[in-house]
1. Given axes a ≥ b ≥ c from the Cα gyration tensor, I'd like to know whether region 89-145 is rounded (a/c under 1.5), prolate (a/b larger than b/c) or oblate.
2. Order of 35-44, 130-139, 248-257 by packing, highest average Cβ count within 10 Å first?
3. Pairs of alpha-carbon atoms within less than 8 angstrom and 6+ residues apart define the contacts here; what relative contact order does the chain have, in percent?
4. Working from Cα positions, state the angle (0 to 90°, nearest 10) between the long axis of helix 228-237 and the longest principal axis of the chain.
5. Relative contact order (percent) for region 14-110, with alpha-carbon contacts under 8 angstrom and 6 or more residues of separation?
6. With charges only on Cβ, +1 for K and R and -1 for D and E, what is the dipole size of the chain about its Cα centre, in debye, rounded to 20?
7. What's the magnitude of the charge dipole for region 136-259 around its Cα centre, counting Lys and Arg as +1 and Asp and Glu as -1 at the beta-carbon? Answer in Debye, nearest 20.
8. Choose one of L75, F235, V134: the residue whose Cα lies farthest towards the positive end of the charge dipole of the chain (beta-carbon charges +1 Lys, Arg; -1 Asp, Glu; about the Cα centre).
Amino acid sequence: MQDGKSGDKTRKPIERQNIRLTVAFEGTAYHGWQIQSDSATLQGVLSEAIRKITGEQVKLTGSGRTDAGTHARGLVANFSTGSAMAPARLARGLNAVLPHDIRVLSAKRTHPGFHARKDASSKIYRYQIYLGPVLPPHLRREYLHYPYRVDVSRMQAAARLFSGEHDFASFAKTNADRTNTVRRIFRCDLKKKGHILHLTVEGNGFLHHMVRNMAGTLLEVGKGSMSLEAFKNLFKQKDRRLAGFTAPAHGLVLLKVRY
């Protein structure tokens, strides 16, 4: 005979949600994406915000790591939660507790197997350069100031050579893992409007510092420090020391992740 105590009742299992976030941030104050014990990071701050809203310590997966000081218009992340909170309400709650330089643009329920990093088919980055003699203050956090004469047409000719599948060892971070440095670039555009120069690159994956090294090398070509022939040879030589400088992190923006 049952005594009616609640402990004897069969509880329905909590239905978990896999939540997909689209996040924008101004990354000046952060040491990149991945959690670090002694520094503020995007993953750490977002995870803590999720804990405050849902009461859960979740495993937050990002679409990829970002360097310290870089920015994003559309980084994608996902996490599993037992909270029944509607995604739209979750997004509002997160933005209420997040610092103003991080915004959740959207939160959606997605299928249980979705993985923000593994399921990405391509990423689009933009490196932003200001060529004028004086950098406007409102651009200082997101633009490299490069007040030197450059041949943009030469840079554009070199940028087109990035398209296709190549070994990008010459454009990887010097001490990075070199097990596989082949990547496919779907498009690489260099456009100038006034003093603003934008390098936009879409690829199936990127090595550590790859876009920043691409930008720095193109500026060497534009300045005349590197010939187009020497630039072409970088893919065969696979030697980081022969390519251009690493452009500063603050000029790099992750625009979009495609799935």
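No value in this document is a laboratory result; all are computed from the given coordinates. Since this is a predicted model, take the numbers as computed values, not measurements. FYI the Cβ positions are ideal-geometry reconstructions off the backbone, even for glycines, and counts take in every protein chain you see.
1. oblate
2. Working: 35-44: 15.2, 130-139: 13.1, 248-257: 21.0.
Answer by packing, highest mean first, reads 248-257, 35-44, 130-139.
3. Across the chain, relative contact order equals 22 percent.
4. It is inclined by approximately 50 degrees.
5. Result for region 14-110 is 44 percent.
6. Charge dipole, the chain, about its Cα centre: 520 debye, nearest 20.
7. Approximately 180 debye in magnitude.
8. L75
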